[in-house]
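The values are calculated or read from the model by the stated rules, or taken from the named source; none is laboratory data. Note that the structure is a prediction, hence the values are computed from the model and not measured. Cβ placement follows ideal geometry from the backbone for every residue including glycine, while neighbour counts extend to all protein chains displayed. Calculation scope for accessible area: heavy atoms of the full protein, side chains included, ligands and nucleic acids excluded. Shrake-Rupley method; radii C 1.70, N 1.55, O 1.52, S 1.80 Å.
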Amino acid sequence: MFKTIHALLCALLAGAAGLISTPAAAAPGVAATPPMGWNSWNHFAEKIDDATVRAQADAMVASGMRDAGYVYVNIDDTWEGTRDASGAIHPNAKFPDMKALADYVHAKGLKLGIYSSPGPKTCAGYEGSYGHEDQDARTYAAWGIDYLKYDLCSLGERLDRATPLQARQIMRDAYAKMAGALKATGRPIVYSFCQYGYDSVWRWGPSVGANAWRTTGDISDNYARMAEIGFGQAGLAKYAGPGHWNDPDMLEVGNGGMKPEEYRTHMALWALLAAPLLAGNDLTTMSAETRALLTNRDLIAIDQDPAGHQGERVSAEGTLEVWAKAMADGSRVVALFNRHDVYNEIHVDFRALGYKKPVKAVDVLTHEDLGRLPLDARLLIQGHDVILLRVTP
Ligand code: GAL
């Protein structure tokens, strides 16, 4: 995006001089821990309608997911219809009555999320919010919407034609505008940015109202892409905390493209990263194994730890990586990952984490008490798998 060093320097100086507007901060108390729920896109894409959303909400309760902490039922792109003479947005024929759908979801103790774009068109070519931000926010609040995913889409075309400095201003103004519009409704609505990490959004997203921001392009249901995104979060931990989270995209757990140990890695990594946990599978048909992984209380407790620290990489040796996350109770979660597809021996140097004596460790996924591990521990790990340790001195 920055075509010359000069342009980059101008942009940085403009930011430092406060020329870039940063008006609306996130609503207090919203997303105190990473949002948990379900989103329609990964499994259903454009084949989503009112009946399907209701069925997913039913399954969220029946499967125990709601009681495990999954609350948001999020409709992604393709719900949008046309605007009436007053400019108000209406859903298309797939969603006959959005307010009635919100009432249905709320009656189950769940919340409803929706999707739009700061551009004139969404990524799937439906109506975006450009020029109608205040009106759309009011409509969402009147329907009873609790979560908005705001996806850059067609606004990106304007950025491509702009200088870096202009592009930066356009992007931030667009996201800030909707933040102000949501805030003005008085309804607590989780505001989730989706602009694929452009312009290091983690640095400025919170100051323009983001509760979460996508850090990358889209995930897909295979180990290579999931790992590229998940392990690519290294270095971003310091930007996350209560009310504002890095979002490495929605879960693919249960969609069928990965092996059990790969989905285990996916879920463990997202929990370690304090990422939003938005299931992306069909909850009405999921296997017992998928349900057990999604509702694993120990993994969810890692993700939802009230201290809100994001885990960070401690060491990497080829395809073997050690990550750690500090927990509110003073313990640590230490995750050992084997990115190779065959078994390997992974070394963990607990001294690098500040420990001076052998540590007490419990395997979070198997519940096995491993007793004391030496400061320089060696563990065998199968290909594409994870070993998750809860460690105390
Ligand atoms: C993409 C976004 C996806 C999904 C899709 C809908 O830009 O990253 O998560 O929302 O648009 O069209």
Are there trypsin sites (Lys or Arg not before Pro) in region 158-196 that DSSP puts in a loop and that have at most 15 other Cβ atoms within 10 Å, and which ones?
ARG161
Where does helix 5-16 land angle-wise versus the long Cα axis of the chain, in degrees 0 to 90, nearest 10?
80 degrees
Ignoring ligands, DNA and RNA, please state the percent of accessible area on region 241-393 from carbon and sulfur, probe 1.4 Å.
50 percent
Can you check what the net charge comes to around GLU289, using other residues whose Cβ is under 12 Å from the Cβ of GLU289 (Lys, Arg +1; Asp, Glu -1)?
+2
With the other protein chains left in place, how much accessible area per residue, in square angstrom, belongs to the chain at a 1.4 angstrom probe?
40 Å²
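Tell me the relative contact order for region 29-98 as a rounded percent, counting alpha carbon contacts under 8 Å between residues six or more apart.
35 percent
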Where Lys and Arg each count +1 and Asp and Glu each count -1, what net charge lies around LEU375 among other residues with Cβ under 13 Å from its Cβ?
+4
Below 8 Å between Cα atoms, with a sequence gap of 6+, how large is the relative contact order for the chain in percent?
15 percent
By per-residue mean of other Cβ atoms within 10 Å, what is the highest-first order of 45-55, 368-378, 30-40?
30-40, 45-55, 368-378
The correct ranking of ARG264, ARG291 by accessible area at 1.4 Å, largest first, is ARG291, ARG264
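In region 46-122, how does Rg compare with the Kirkwood Rh, expressed as the Rg/Rh ratio over alpha carbon atoms?
Values: Rg = 13.5 Å, Rh = 13.3 Å.
Using only Cα positions, Rg/Rh for region 46-122 is 1.01.
What is the diffusion coefficient of the chain in µm²/s, taking the Kirkwood radius over Cα pairs and the Stokes-Einstein relation at 25 °C with a viscosity of 0.890 mPa s?
113 µm²/s
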Carbon + sulfur, % of accessible area of region 147-227 - ligands and nucleic acids excluded, 1.4 Å
50 percent
With +1 on the Cβ of every Lys and Arg and -1 on the Cβ of every Asp and Glu, and nothing else charged, how large is the dipole of region 205-289 about its Cα centre, in debye rounded to the nearest 20?
320 debye
Return the carbon/sulfur percentage of the accessible area of region 33-131, one whole number, probe 1.4 Å, all protein chains in place.
55 percent
Suppose a student asked you for the relative contact order of region 250-374, using Cα pairs under 8 Å spaced at least 6 residues apart; what percent would you report?
17 percent
